[in-house]
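**Student:** Sharing a structure here in structure tokens format.
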Amino acid sequence: MLLRIKHLIGMKPRMAKEEAYVLYQQLCDEVYGKGAIQIKPAPTNNVIGTLRHLDDFFEFKKNFKERLIRLRKKVEGTSAYPALLEQVKQVADPKNWEGAYAELAAYDMMWNDHIMTPMELDKTMPVTDSYAGEMGHKETNEDGYLPDYNLYFDVKILADTVGAILSGIIDDAIAASSQAAKCDILPEYPYDDDDEEYGGINRRKLFDELKAFLVANNANTKGKTTFRSSVIPRLMYRIQWGGGVNSVISEYCPYRHAQETKHLIFKRYTKKIMKNEMFMLVLVKFPWYNNRISSFIDADHVYYRSLARRTFCGYLGDSTPMSNIVTKFTGSETVDEVSKHLAGIIFLDDNIIKENSYSCNVIMNPNSKYVHSIADSYLMSLVMQGDKRGVYDDLIYDNY
């Protein structure tokens with residue numbers, strides 16, 4: 001009743017006086033010891049920002065702290081401990097928090113009772129060990145290696161990362177052009193684009209051209225206009241001037257989403273695929289990322305399987321050069337040949353906002369050279385330890 005009265009009279013939630021990064025420093029000191037991690041002053045983000053809310057996010061804050069404690073107990077005393085501390089630190093970074101949080105979630109799930117030999121984290125190897133060289137990189141780096149199963153893995157967030165970058169560019173361009181009250185902008189772009197193309201120097205170019213377009217349009221502009229980027233011609237903006245609704249009507253279909261993102265794995269992560277060692281990609285979905293995936297009636301699980309099947313089976317016997325799909329790729333391999341080096345994908349749904357659990361879908365590549373592996377029982381254990389929604393699927397009878 002008291003909470004309802006507060007709501008009715010419009011009382012604001014209680015907020016801590018300290019900044020979020022200060023409270024996160026206190027949490028790190030409590031869990032890892034004072035001085036083990038140094039958090040730099042930085043703007044808040046979706047994870048550490050919860051620490052300032054005194055009347056909310058109780059379950060998440062409890063579960064997140066317990067995760068940090070579990071990871072300390074598992075990793076402390078191993079060679080992986082410095083890499084773990086670095087990822088805990090990066091959770092407070094406004095630019096890197098999503099990836100760092102995803103890695104902590106993955107390590108928490110994957111470092112289970114089936115691990116006898118300590119996991120190795122942040123593995124750097126010669127560029128020739130993976131397709132990193134064909135993608136213009138100078139070394140191979142993977143987030144983890146499991147010696148017990150001779151399995152390398154890399155962790156990425158499962159989210160609309162391009163949309164997140166563009167959202168920041170649009171906000172900055174509107175503010176810089178003094179058009180904040182005069183326009184609303186929606187971007188349109190291929191959902192399987194490589195997010196790296198929208199970052200770095202291109203981010204500045206995208207900001208500059210959008211700002212220039214907005215400045216060039218006078219304050220009396222009304223209605224809708226479109227503007228196509230010259231930096232990335234696949235990108236177009238729909239701009240609503242002078243108030244009104246700027247929206248698109250859409251419905252979520254996981255099969256259509258898989259079709260729209262059918263090249264996503266290769267466009268973004270070819271550089272991570274190992275050439276002569278078993279490698280799996282770990283994709284982490286977290287509700288506070290910039291998501292397009294719907295969990296309504298298990299649509300997310302349908303999407304996971306559809307995306308994996310398109311990645312593993314959709315190129316079977318395809319002689320299309322990988323360079324036709326991934327323009328940065330300089331090797332001579334076909335997409336079919338490259339796809340055989342990806343053993344599988346682990347989809348991790350992190351549920352700790354509301355409960356201390358996860359859901360794990362492990363989908364194996366039936367055309368990989370590692371179809372039958374000593375890692376099978378371990379991968380099945382990841383599914384069994386999660387909630388009942390998870391599945392292990394080898395696609396053996398759906399391989400065409």
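Read-outs: derived from the displayed coordinates by stated rules, not from any lab. In this text, all values refer to a predicted model and were calculated from it rather than measured experimentally. Quick reminder, even Gly has a Cβ in these numbers, built from the backbone with ideal geometry, and neighbours come from all protein chains shown.
**Student:** Please give the charge dipole size of the chain, origin at the Cα centre, charges +1 on K and R Cβ atoms and -1 on D and E Cβ atoms. Round to the nearest 20 debye.
**Tutor:** 1380
**Student:** Give the cross-link partners of LYS222 among the aspartates and glutamates, using a straight C-alpha distance below 13 Å as the criterion and excluding same-chain residues fewer than 8 apart.
**Tutor:** In chain and number order, the partners are ASP184.
**Student:** Take every Cα pair under 8 Å in the stretch 161-241 that's 6+ residues apart, average their separations, divide by the length, and report that relative contact order as a whole percent. Don't skip to the end; give the middle numbers.
**Tutor:** Working: 100 pairs, mean separation 31.3, N = 81.
So the answer I get is 39 percent.
**Student:** Figure the gain on full extension for GLU355 and TYR255 (residue separation times 0.36 nm, minus the Cα-Cα span) and round it to one decimal in nm. Let's see the in-between values first.
**Tutor:** Values: separation 100, 0.36 × 100 = 36.00 nm, distance 2.86 nm.
Difference between extended and current length: 33.1 nm.
**Student:** With springs only between Cα atoms under 10 Å, which of TYR152, TYR189, TYR24 fluctuates most in a Gaussian network model of the chain?
**Tutor:** Of the options given, TYR189 has the highest mean-square fluctuation.
**Student:** Which one, ALA20, GLY35, THR50, projects farthest toward the positive side of the charge dipole computed for the stretch 2-90 from Cβ point charges (K/R +1, D/E -1)?
**Tutor:** The one lying farthest along the dipole's positive direction is THR50.
**Student:** Which length gain, in nm to one decimal place, applies between VAL371 and VAL391 when the Cα-Cα distance is subtracted from 0.36 nm times their residue separation?
**Tutor:** 5.5 nm
**Student:** Need one word for the chain: rounded, prolate or oblate. Basis is the Cα gyration tensor (sqrt eigenvalues a ≥ b ≥ c); a/c below 1.5 gives rounded, then a/b vs b/c decides.
**Tutor:** Oblate, because a/c is 1.5 or more while a/b does not exceed b/c.
**Student:** Cα-Cα over 32 Å: which of LYS34/LYS123; LYS61/LYS262; LYS211/LYS328; LYS95/LYS267; LYS17/LYS89; LYS34/LYS156?
**Tutor:** LYS61/LYS262
**Student:** So, one more: Determine the calculated [θ] at 222 nm for the chain from helices alone, applying -39500 (n - 2.57) to every DSSP H run no shorter than 4 residues and normalising by the residue count; nearest 500 deg cm²/dmol.
**Tutor:** After summing the helix terms and dividing by the residues of the chain, the value is -10500 deg cm²/dmol.
**Student:** I would also like to ask the following. Counting Lys +1, Arg +1, Asp -1, Glu -1, what net charge surrounds SER177 among other residues with beta carbon under 14 Å of its beta carbon? Walk me through the numbers on the way to the answer.
**Tutor:** Working: positive: LYS182, LYS211; negative: ASP171, ASP172, ASP184, ASP208, GLU209.
Its environment carries a net charge of -3.
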